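Here's the structure, in structure tokens; my notes come after.
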Amino acid sequence: MGGADNEFGFKLPTLDDWLQPDAAWNVFVEPGSSCDTEPLAHVSGESWVSDVRKAELSNKVPAEIRKLFEVAKSAIIYGYLCYPLMTLGAEQLHRISERAAKVRARELGWQPKGRPKFADAVKFLVQKGAIPTTEIVRWKATVGLRNEGSHPAMQSIFLPSQVLDMLYITAESIDALFLWSDGKLPVG
């Protein structure tokens with residue numbers, strides 16, 4: 001079997017086990033599961049897929065960004081079979097946020113000089129009111145996470161709960177960029 005019995009410490013799928021859940025999932029339990037009342041319920045593939053699929057982008061978000069988002073969600077889902085894929089999908093979320101910010105900034109008149117930078121797009125969106133001041137810290141953190149994931153010094157591994165949080169927060173942040181018009185939330 002291709003478990004974590006190797007120098008890397010994670011499952012290297014083989015023909016014998018590529019459709020089997022990664023053993024790393026054996027330590028994770030369903031939220032609310034308690035050993036006080038019953039045996040712990042481990043996260044099932046069905047619940048993982050369901051939790052990931054709940055994250056959606058609005059149809060107001062351009063199709064190219066929604067497509068990228070669905071690819072990241074697919075990698076996150078397949079992390080159930082090969083745990084490192086979950087982290088790759090999560091890191092992709094930050095790159096998708098970058099793309100969304102640049103697309104939205106251009107829609108609002110951003111004309112960057114030279115090579116467009118994520119941080120500059122965020123700054124422009126803040127100035128235009130498309131990113132409210134209450135969200136500046138979140139977007140600046142996303143810029144940092146994008147840079148860290150794209151230029152790693154070492155392999156990152158995230159917990160499933162962290163990845164779900166990143167997924168839902170990313171969907172919320174990207175939706176907000178495209179649902180706001182000239183810095184104002186839509187009425188109704």
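Any residue at all in the range 88-102 that is crowded, with 20+ Cβ neighbours inside 10 Å, farther than 14 Å from T170 by Cα and either in contact with an Asp or Glu (Cβ under 8 Å, 6 or more places away or on another chain) or among the charged types (D, E, K, R) (or both)?
yes
Which of the residues spanning the range 56-104 are β-branched (V, I, T), free of Cβ contacts under 8 Å to residues at least 60 places away in the same chain and either out of contact with any helix residue (DSSP H, G or I) (no Cβ under 9 Å at 6 or more places or on another chain) or over 30 Å from H42 (Cβ atoms) (or both)? Can you show your working first?
Within the range 56-104, the subset β-branched (V, I, T) is 61, 65, 71, 76-77, 87, 96, 103.
Now narrow it down to the ones that are free of Cβ contacts under 8 Å to residues at least 60 places away in the same chain: 71, 77, 103.
If the condition is that a residue be β-branched (V, I, T), free of Cβ contacts under 8 Å to residues at least 60 places away in the same chain and either out of contact with any helix residue (DSSP H, G or I) (no Cβ under 9 Å at 6 or more places or on another chain) or over 30 Å from H42 (Cβ atoms) (or both), then V103 is the only one that fits.
Could you grab me the full set of residues in the range 143-174 that are of a type in the set (A, V, I, L, M, F, W, C) and assigned to a helix (DSSP H, G or I)?
If we filter the range 143-174 for residues that are of a type in the set (A, V, I, L, M, F, W, C), which is where we start, we get 143, 145, 153-154, 157-159, 163-164, 166-167, 169, 171, 174.
Within the range 143-174, V143, L145, V163, L164, M166, L167, I169, A171, I174 meet the criteria.
Among the residues of the range 156-172, what is the count of those that are closer than 15 Å to L68 by Cα and of a type in the set (G, A, S)?
1
Quick one: count up the residues across the range 109-121 that are surrounded by 19 or more Cβ atoms within 10 Å (Cβ to Cβ) and either under 15 Å from F178 (Cβ atoms) or polar (S, T, N, Q) (or both).
2
Got a number for residues in the range 126-139 being buried (at least 18 other Cβ atoms within 10 Å of the Cβ) and either part of a loop (DSSP other than H, G, I, E, B) or over 21 Å from the mean Cα position of the chain (by Cα) (or both)?
Number of matching residues: 2.
Do we have S44 as at pLDDT below 95, within 30 Å of W139 (Cα to Cα) and open to solvent by 30 Å² or more (accessible area, probe 1.4 Å) here?
no
Would you check if there is a residue in the range 105-122 being within 22 Å of the chain's Cα centre (by Cα) and touching a residue at least 60 places away in the same chain (Cβ under 8 Å)?
no
List every residue pair whose Cβ atoms lie under 8 Å apart, where the two residues are 6 or more positions apart in sequence or sit on different chains, the first residue falls within the range 141-165 and is on the phi < 0 side of the Ramachandran plot, and the second residue, located anywhere, is open to solvent by 90 Å² or more (accessible area, probe 1.4 Å).
So the pair list comes out as S156/E148.
The values are calculated or read from the model by the stated rules, or taken from the named source; none is laboratory data. As the structure is a prediction and not an experimental result, all values here were calculated from the model. We place every Cβ from the backbone using ideal geometry, glycine too, and count neighbours over all the protein chains shown. Only protein heavy atoms, including side chains, enter the accessible area calculation; ligands, DNA and RNA are left aside. Shrake-Rupley method; radii C 1.70, N 1.55, O 1.52, S 1.80 Å.
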